[in-house]
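Peer 1: Have a look at the structure that comes next, please.
Since every read-out is calculated from the coordinates, none of them should be taken as a lab result. Everything numeric here is computed off the predicted structure, so don't read it as measured data. Note that we place each Cβ from the backbone using ideal geometry, even for glycine, and neighbour counts take in every protein chain shown.
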Amino acid sequence: MLKLLVPLVLFSIVVAFLAVGLFRDPRLVPSPLIGKDTPQFSLESLKSPDKTLTTADLKGKPLLLNVWATWCAACRTEHNFLMHLATASNVKIVGVNYKDERGAALNWLSQLGDPYVANIYDPEGELALDLGVYGAPETFVLNSEGVIAYKHIGPLSRDIWQKQLLPLFRKL
């Protein structure tokens with residue numbers, strides 16, 4: 001009897017763990033960087049390769065740090081909302097062009113519009129790795145000191161902005 005009970009209990013435990021995982025939202029991955037400074041970096045500007053952007057460029061005013069790429073279908077979906085946000089509000093958006101080709105990224109911004117006040121070129125994904133990025137798009141809310149206040153995984157939309165990010169942004 002005991003020989004049958006032990007495997008049944010172990011199987012039940014494994015099934016319970018798997019079932020819990022099925023009902024969790026994968027976008028709700030907590031970031032260990034919340035409340036910490038943005039990782040130190042020194043990378044080229046996407047538009048001006050001779051200009052270096054650093055962590056200091058993310059300080060002074062609360063902002064959104066948006067990780068994007070031309071190969072990312074969800075980034076295209078998100079782009080229209082970022083354009084709206086950049087033109088209809090006083091929100092500063094800094095882009096991180098992630099594991100992309102410079103020419104493709106510049107062409108994308110030329111064709112679709114550029115919502116970013118600056119764009120960090122991260123062709124090797126160094127900064128994205130330091131930020132704990134799983135994939136594009138991901139957006140971080142930074143306070144005026146460059147401290148990460150929030151991380152959103154997936155494309156931003158009007159609903160997500162109004163319900164999740166805007167209340168936080170107003171507090172900053």
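Peer 1: Given a Förster distance of 41 angstrom, what is the FRET efficiency for L129 paired with L172, based on the Cβ-Cβ distance and rounded to 0.05?
Peer 2: So, using R0 = 41 Å, E works out to roughly 0.95.
Peer 1: If you don't mind, another one. Obtain the nm distance between the two label points defined at A104 and W71 by a simple spin-label model: each point lies 7 Å from its Cα along the Cα-to-C-beta direction.
Peer 2: Modelled inter-label distance: 0.6 nm.
Peer 1: OK, next. List the GluC sites (Glu not before Pro) within the range 112-165 that DSSP assigns to loop and that have no more than 14 neighbouring Cβ atoms inside 10 Å.
Peer 2: Qualifying residues, ordered by number: E124, E145.
Peer 1: Cut-off under 22 Å on the C-alpha distance; same-chain residues fewer than 8 positions from K99 excluded. Which lysines are left, in chain and number order?
Peer 2: Reachable lysines: K47, K51, K151.
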